[in-house]
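Before any comments, here is the structure.
The values are calculated or read from the model by the stated rules, or taken from the named source; none is laboratory data. Please read these numbers as outputs of a predicted model, since none were measured by experiment. Reconstructed Cβ throughout: ideal geometry from the backbone, glycine too, with neighbour counts over all protein chains shown.
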Amino acid sequence: MLRENITDLVAFAAVARERSFTRAAGQLGVSQSALSHTIRGLEERLGLRLLTRTTRSVSTTPAGERLLKTLAPNLAQIETELRDLSEMRDTPAGTIRITAPDFAVEGLLWPKLAPLIRAYPEVNLEIVVDYTLTDIVSEKFDAGVRFGGRVSDGMIAQRLGPDVRMVCVATPEYFNMRSRPQIPQDLAAHNCINVRLPTHGGLYAWEFEQAGREFRVHTQGQLVFNAINPMIAATLDGIGISYMPDFYVADHLASGRLEAVLRDWSQPFDGLHLFYPSRRHASPAFRLLLNALRYRD
């Protein structure tokens, strides 16, 4: 009977899934040359070509595709079983993977999770900053963070914070040089700091509402970012007006470093929620995380 080393099969699955030796090597924590040697050895022992390599891409052969279809679900099941076994220990342990936008990590997650990892040194967190609507199941995340409590079937949502209001903010010095906008259309005369998010493609349009009427304003300015952190830095430097969640700039508003305008045109909406698969085994470590992040008003 042919007995293959499971690490060789894991290596093949990683390359076939990523379609890249470079990305697979980074994922597995090995060198590209070592990974290539592993795959060649596996192919030689099987007497079959599993991967087709070119200078620009890697793809599976028919034999490789057949092997991958068998391996992928079984490797995932083995990984889940091993994790569940490790979580039977009395001491909370293991790795929890979360995907979230940067402002959620900095403003809500980290202040609550820092005490947890200090108290439980065997609990590991991997937090991936991402603005896309990541499929947490296929990408092997334990949980994700999004606005709103509505999630797809098979998911559970837990509120992380209060309702959120988007606000237009700039420094008092900026507003002293230009008139303060009184209505959203006045933003056309201002240097607005914009964001381009992967879920939208184009520039994010600023959303307003008054008297039950919702509308969007496409603003213009010198700066466009793909994340909120650099936006706040540029805003604090007095470059222009930015549009962001109120909780993220609450300290700056309280200190007077920033000033909000058009507040009457912005209505609150469901705040950030943690979502995770309903069928997920609630390990001691994951239960600790849920309790640490639970919103208490």
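Among the conditions (1) assigned by TED's automatic domain parsing to the domain that holds S138; (2) surrounded by fewer than 17 Cβ atoms within 10 Å (Cβ to Cβ), G107 misses just one, which is (2). Test M166 against the criterion of being touching a residue at least 24 places away in the same chain (Cβ under 8 Å) and closer than 23 Å to A234 by Cα, and give yes or no. Yes, satisfied. Can you name the residue in the range 261-290 that is closer than 30 Å to Q222 by Cα and touching an Asp or Glu at 6+ places or on another chain (Cβ under 8 Å) and, of all such residues, is surrounded by the fewest Cβ atoms within 10 Å (Cβ to Cβ)? Residue satisfying both the conditions and the ranking: P268. Filtered by the rule that a residue be surrounded by 13 or more Cβ atoms within 10 Å (Cβ to Cβ) and of a type in the set (D, E, K, R), the range 111-121 gives a lone residue, K112. Within the range 40-66, being of a type outside the set (G, A, S), touching a helix residue (DSSP H, G or I) at 6+ places or on another chain (Cβ under 7 Å) and touching a residue at least 40 places away in the same chain (Cβ under 8 Å) holds for V58, T60. Looking for something within 18 Å of A72 (Cα to Cα), in contact with a Lys or Arg (Cβ under 8 Å, 6 or more places away or on another chain) and either small (G, A, S) or modelled with pLDDT under 85 (or both) - is there at least one such residue anywhere in the range 39-57? The answer is no; no qualifying residue exists.
Checked against (1) within 19 Å of D163 (Cβ to Cβ); (2) at pLDDT 90 or above, R257 passes all but a single condition, namely (1).
Return the residue satisfying two criteria in turn: it lies in the range 90-143 and is in contact (Cβ under 8 Å) with a residue 12 or more places away in the chain and of a type in the set (K, R), and of such residues it is farthest from S283 (Cα to Cα). Result: K112. Only a single item in (1) surrounded by 11 or more Cβ atoms within 10 Å (Cβ to Cβ); (2) of a type outside the set (A, V, I, L, M, F, W, C); (3) within 26 Å of G144 (Cβ to Cβ) is not met by T52, and it is number (3). With respect to the conditions (1) closer than 25 Å to N124 by Cα; (2) part of a helix (DSSP H, G or I), Q185 lacks only one, and its number is (1).
Filtering R89, R118 for residues that are at pLDDT 90 or above, of a type in the set (K, R) and over 19 Å from Q158 (Cβ atoms) leaves a single hit, R118.
Taking the range 259-273 as the range and being assigned to a loop (DSSP other than H, G, I, E, B) and more than 20 Å from P111 (Cβ to Cβ) as the test, the residues that pass are L262, S266, Q267, P268, D270.
For Y131, the criteria (1) touching a Ser or Thr at 6+ places or on another chain (Cβ under 9 Å); (2) in a strand (DSSP E or B); (3) under 28 Å from L253 (Cα atoms); (4) outside the structural domain of A260 (by TED's automatic domain parsing) hold in every case but one, which is (2). Applying a threshold of 8 Å to beta carbon distances and a minimum spacing of six or more residues, or different chains, the list of pairs starting in the range 26-39 at a residue that is farther than 16 Å from I6 by Cβ and ending at one that is surrounded by fewer than 17 Cβ atoms within 10 Å (Cβ to Cβ) and of a type outside the set (D, E) reads Q32/T22.
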